[in-house]
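*Asks:* Okay, here's the structure, questions in a sec.
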Amino acid sequence: MGGPNDAAGDSFLSERSAKVFVAGHRGLVGSAIVRKLRDLGFANLVLRTHAELDLTRQSDVEDFFASEKPRFVILAAAKVGGIHANNTYPADFIAINLQIQTNVIDSAHRHGVKKLLFLGSSCIYPKFAPQPIMEDALLTAPLEPTNEWYAIAKIAGIKMCQAYRIQYSWDAISGMPTNLYGPNDNFHPENSHVLPALMRRFHEAKVRGAKEVVVWGTGSPLREFLHVDDLADAVVFLMEKYSGLGHVNVGSGKEVTIKELAELVKEVVGFEGQLVWDSSKPDGTPRKLMDSSKLANLGWTPKISLKEGLRDTYKWYLENVKQ
């Protein structure tokens, strides 16, 4: 079983001509990983759109691995959505994610993939996990009910990687990112997350010349954000340096109140009006921070500040999102 200190000649970065399958390459996470790998000179990326390869179909995935035989797999494909989507389509969230993971992980193992990285989400942790959340908080208490279908699928993915490592000595690892943002984020008016939602609302208010923007809650909850390019950097680091049984948190380690976040987004967008807080609306969880010291102790820390990352994201929004 490969350890973190394998000979350099046997490392991920020493095999830049090897086939790397990035599953989910069009999403926020997958697209950032593809950008990073191309920047590093990986010239043999294997990419398939959903139309070209439906990862929920076992026989199609089997055929793909049999013919392509990738050497490395980064599994960033998943069905994702906010609270409303999770509550409305629970069967989709558990079934589709379990199908994708099971098909990809099992076929990858059987067709000789050297190493696989499975990406989860911080929602795998209990609703009231002690803060900051360490990796060993997993399965210690009940989940947040609004996204438990998705969380249980992701937990199953972590456990599947561990099981294949234990039974087959196969190098499957898992990384759990915090809240991500950046190019290719979802800026949909109804079902986007807090950061892209704020960016869109401030931008539209600026274009309209509105006097104020109303934001839900008090602005007091604390959240952690990581630019997706930092995550992509961490993915390469883990592929190169980590071969352990336990999953690894990937966060910025920095907290910001929703109020501070809103003020920063307002500044970056250049909205001149007032920010009004509707404290009759719910705040959500007061604090959600991951403990990423395990990854820091391995030697990786993020590089992109929140302000710099917001500027980069707003530039992408202006260039790519229809006004």
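The values are calculated or read from the model by the stated rules, or taken from the named source; none is laboratory data. Note that the coordinates shown come from a computational prediction; the quantities given were computed from them, not determined experimentally. Here the Cβ is made from the backbone with ideal geometry for all residues, glycine too, and neighbour counts use every protein chain on show. Heads up: the accessible areas ignore ligands, DNA and RNA and are worked out on the full protein's heavy atoms, side chains in. Shrake-Rupley method; radii C 1.70, N 1.55, O 1.52, S 1.80 Å.
*Asks:* By how many nm would the segment from residue 106 to residue 59 lengthen if fully extended, with 0.36 nm per residue of separation less the alpha-carbon distance?
*Replies:* 15.7 nm
*Asks:* Turning to a different aspect of this structure: Loop only per DSSP, at most 14 neighbouring Cβ atoms within 10 Å: give me the GluC sites (Glu not before Pro) in the range 197-285, ordered by residue number.
*Replies:* Counting only loop positions with at most 14 other Cβ atoms within 10 Å, the GluC sites (Glu not before Pro) in the range 197-285 are 272.
*Asks:* Could you state the number of Å between the C-alpha centres of the range 292-323 and the range 218-248?
*Replies:* First find each Cα centre; the distance between them is then 11 Å.
*Asks:* Here's something else I'd like to know. Mind pulling the per residue volume of the convex hull built on the Cα atoms of the chain? Å³ is fine. Display every interim value, and only then the final one.
*Replies:* Working: hull volume 42.5 nm³, N = 323.
Roughly 132 Å³ of hull volume per residue.
*Asks:* Taking the 0 to 90 degree range and rounding to the nearest ten, how far is the long axis of helix 90-110 tilted relative to the main principal axis of the chain, both from C-alpha atoms?
*Replies:* The angle comes out near 30 degrees.
*Asks:* Nearest 10 degrees is fine. How inclined is helix 148-168 to the longest principal axis of the chain, computing both from alpha carbons?
*Replies:* Between the helix axis and the principal axis of the chain, the angle is about 20 degrees.
*Asks:* At 1.4 Å probe size, with every protein chain present, just tell me what the per residue accessible area of the chain comes to in Å². Kindly include the intermediate steps, with their values, before the conclusion.
*Replies:* Values: 14960 Å² over 323 residues.
Ligands and nucleic acids excluded, the figure is 46 Å² per residue.
*Asks:* Using R₀ = 35 Å, calculate the FRET efficiency as 1/(1 + (r/R₀)^6) where r is the Cβ-Cβ separation of residue 38 and residue 128; round to 0.05.
*Replies:* Working: r = 41 Å, r/R0 = 1.18.
Here the calculated transfer efficiency is 0.25.
*Asks:* Dipole size in debye (nearest 20) for the range 147-278 around its Cα centre, Lys and Arg Cβ +1, Asp and Glu Cβ -1?
*Replies:* On the way: 13 positive and 17 negative charges, 43 e Å.
For the range 147-278, the charge dipole is close to 200 debye.
*Asks:* Could you pull the accessible area for residue 193 with a 1.4 Å probe, rounded to 10 Å²?
*Replies:* 120
*Asks:* Can I ask one more? What's the extension gain from residue 277 to residue 210 if we count 0.36 nm per residue and subtract their Cα-Cα distance?
*Replies:* Contour length minus Cα-Cα distance gives 22.6 nm.
*Asks:* Right, another one. About the Cα centre of the chain, how large is the charge dipole given +1 on each Lys and Arg Cβ and -1 on each Asp and Glu Cβ? Please answer in debye to the nearest 20. Intermediate results must be reported in sequence, preceding the final value.
*Replies:* Working: 37 positive and 37 negative charges, 54 e Å.
It works out to roughly 260 debye.
*Asks:* Continuing with the same structure: What angle do you read, to the nearest 10 degrees and between 0 and 90, between the alpha-carbon axis of helix 194-208 and the longest principal axis of the chain?
*Replies:* On a 0 to 90 degree scale, this one is about 40.
*Asks:* Rounded, prolate or oblate: which fits the range 230-323 when a ≥ b ≥ c are the square roots of the eigenvalues of the alpha-carbon gyration tensor, with rounded for a/c under 1.5 and prolate only if a/b beats b/c?
*Replies:* It is oblate, given that a/c is not under 1.5 and a/b is not larger than b/c.
*Asks:* Using helices alone, I'd like the mean residue ellipticity at 222 nm for the chain: each DSSP H run of four-plus residues gives -39500 (n - 2.57), total over residue count, nearest 500.
*Replies:* The helix-only estimate for the chain comes to -13000 deg cm²/dmol at 222 nm.
*Asks:* With a 10 Å cut-off between alpha carbons and a GNM built on the chain, which of 89, 125, 181 moves the most?
*Replies:* Sorting by GNM fluctuation, first place goes to 89.
*Asks:* I would also like to ask the following. Assuming a ≥ b ≥ c are the square roots of the Cα gyration tensor eigenvalues, decide whether the range 1-143 counts as rounded (a/c under 1.5), prolate (otherwise, with a/b larger than b/c) or oblate. Intermediate values should be presented prior to the final figure.
*Replies:* Working: a/c = 1.88, a/b = 1.33, b/c = 1.41.
Oblate shape, in that a/c is at least 1.5 and b/c is the bigger or equal ratio.
*Asks:* Hey, another quick one. Ignoring any ligand, DNA or RNA, what whole percent of the accessible area of the chain comes from carbon and sulfur when the probe is 1.4 angstrom?
*Replies:* Taking all protein chains in place, the chain shows 53 percent carbon and sulfur surface.
*Asks:* Hey, another quick one. Which value, in Å² and to the nearest 10, is the accessible area of residue 259 when all protein chains are kept and the probe is 1.4 Å?
*Replies:* 90
*Asks:* While we're on this one: Hey, which of these cross-link pairs are over 26 Å Cα-Cα: 19/315; 159/254; 259/288; 115/254; 127/307?
*Replies:* Too far apart for the 26 Å limit: 19/315; 159/254; 115/254; 127/307.
*Asks:* Could you give the size of the charge dipole of the range 271-323 about its Cα centre, using +1 on the Cβ of each K and R and -1 on the Cβ of each D and E, expressed in debye and rounded to the nearest 20?
*Replies:* Result for the range 271-323 is approximately 180 debye, rounded to the nearest 20.
*Asks:* Taking H as built 1.01 Å from N, whose amide H comes closer than 5 Å to the amide H of residue 170, not counting residues under 5 places away?
*Replies:* 165
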